[in-house]
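What follows is a set of notes on a single structure, which appears directly below.
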Amino acid sequence: MNIKEHFHRGADLILKYPNESDIYKEIKFIAENCPIPYYAAHQPHPVKQPIMNVYFSIMFIKYGWECEPLASNDSFGDNLRADYRKEFNFEGRPVIVQIEVEFGNAASYYRDYFKFQLSYFDKKVKIDLGILICPCNNMSGIMNSGLGDYQKVVRELPSAKDNMTVPTYVIGLDFDINNIWDLSQETKYINELGLEKFEAMIKGNESIEKKDLWSRMTTSYIKSNISNE
């Protein structure tokens, strides 16, 4: 996966200076190895975002990230949850990082910013850095209709610098037809389910549980395609 990067409110100082931090290396490794699950027969949305979500879940759990932590102290009385959170050691001090993986519409991104702000100012959570992972515009249009994208985030963040005060690292997942995971070649799983049911599940029209299939497919992909795995 090719990625684009944007640093808001000094996030690059936390991540890259004086040297590239373990935080930065780990996040880039996970993002750059994200597959582009592609089923050409399903136009105009051949890229299957649910499988990408499963990939991130598998990888962040593997690397010790807490899944779905509360965005703020319980005393706030809300149930907002972040996607992932982890504490790193950086230059001899702890740095708490929170991640949102966002494949939704524009309103979803504003909710992510709000969660970063809640966690940044909460006395118990007190994150140091927010990381937003989202599709670039050349990816979002072939995932679904009406999605937000990296380019929109990068355009908007500078104008929100007085309100969006959390140091934030934005990663854009960039589509490349030469770097796809061709799901039509997953003959093991096609034969297991039958082509009709496999296609129905990929389309999201099959009512049986999909998560197990996605998890098995993605775990197999990771073992076969990602170095050090």
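The values are calculated or read from the model by the stated rules, or taken from the named source; none is laboratory data. Bear in mind that the values here come from a model prediction, so they are computed numbers and not experimental data. Every residue, glycine as well, gets a Cβ built from its backbone with ideal geometry; the counts of neighbours run over all protein chains shown. With ligands, DNA and RNA removed, areas are computed over all heavy atoms of the protein, side chains included. Shrake-Rupley method; radii C 1.70, N 1.55, O 1.52, S 1.80 Å.
Annotations
- Filter pass, residue 146 being closer than 24 Å to residue 100 by Cα, in contact with a Lys or Arg (Cβ under 6 Å, 6 or more places away or on another chain) and not basic (Lys, Arg): no
- Cβ separations smaller than 9 Å between residues 6+ apart or across chains give the following pairs from the stretch 1-22 residues that are on the phi > 0 side of the Ramachandran plot to residues that are open to solvent by 50 Å² or more (accessible area, probe 1.4 Å) and basic (Lys, Arg): 9/161.
- So residue 184, is it surrounded by fewer than 20 Cβ atoms within 10 Å (Cβ to Cβ), assigned to a helix (DSSP H, G or I) and among the hydroxyl-bearing types (Ser, Thr, Tyr): yes
- The residues on offer are 108, 119, and the sole one that is surrounded by fewer than 17 Cβ atoms within 10 Å (Cβ to Cβ) and touching a Gly at 6+ places or on another chain (Cβ under 8 Å) is 108.
- Among the candidates 28, 126, 62, the residue that is in contact (Cβ under 8 Å) with a residue 12 or more places away in the chain and either open to solvent by less than 10 Å² (accessible area, probe 1.4 Å) or over 27 Å from residue 152 (Cβ atoms) (or both) is uniquely 126.
- The residues of the stretch 93-105 that are open to solvent by 70 Å² or more (accessible area, probe 1.4 Å) and either without any contact (Cβ under 8 Å) to a residue 40 or more places away in the chain or among the hydroxyl-bearing types (Ser, Thr, Tyr) (or both), listed by number, are 93, 94.
- From the list 11, 71, 31, the one residue that fits, being of a type in the set (Gly, Ala, Ser) and under 30 Å from residue 184 (Cα atoms), is 31.
- Unmet requirement for residue 36, which otherwise passes all of (1) buried (at least 20 other Cβ atoms within 10 Å of the Cβ); (2) out of contact with any strand residue (DSSP E or B) (no Cβ under 8 Å at 6 or more places or on another chain); (3) of a type in the set (A, V, I, L, M, F, W, C): (2)
- Candidate set from the stretch 154-172 (those that are open to solvent by 80 Å² or more (accessible area, probe 1.4 Å) and of a type outside the set (Gly, Ala, Ser)); member that is nearest to residue 125 (Cα to Cα): 163
- Looking only at residues of the stretch 65-80 that are open to solvent by 90 Å² or more (accessible area, probe 1.4 Å) and over 15 Å from the mean Cα position of the chain (by Cα), we find that the one that is modelled with the lowest pLDDT is 75.
- Odd one out for residue 144 among (1) of a type outside the set (Val, Ile, Thr); (2) surrounded by fewer than 22 Cβ atoms within 10 Å (Cβ to Cβ); (3) more than 18 Å from residue 40 (Cβ to Cβ): (3)
- Meets criteria (farther than 26 Å from residue 63 by Cβ and assigned to a loop (DSSP other than H, G, I, E, B)) for residue 145: yes
- One residue from 175, 198 being under 20 Å from residue 42 (Cα atoms), modelled with pLDDT of 90 or more and surrounded by 15 or more Cβ atoms within 10 Å (Cβ to Cβ): 175
- Against the criterion of being at pLDDT 95 or above and within 14 Å of the chain's Cα centre (by Cα), residue 50 does not qualify.
- Of the set (1) in contact with a strand residue (DSSP E or B) (Cβ under 7 Å, 6 or more places away or on another chain); (2) of a type in the set (Val, Ile, Thr); (3) at pLDDT below 95, all apply to residue 133 but (3).
- If only residues of the stretch 148-168 that are within 16 Å of the chain's Cα centre (by Cα) and assigned to a loop (DSSP other than H, G, I, E, B) are counted, the one that is modelled with the highest pLDDT is 149.
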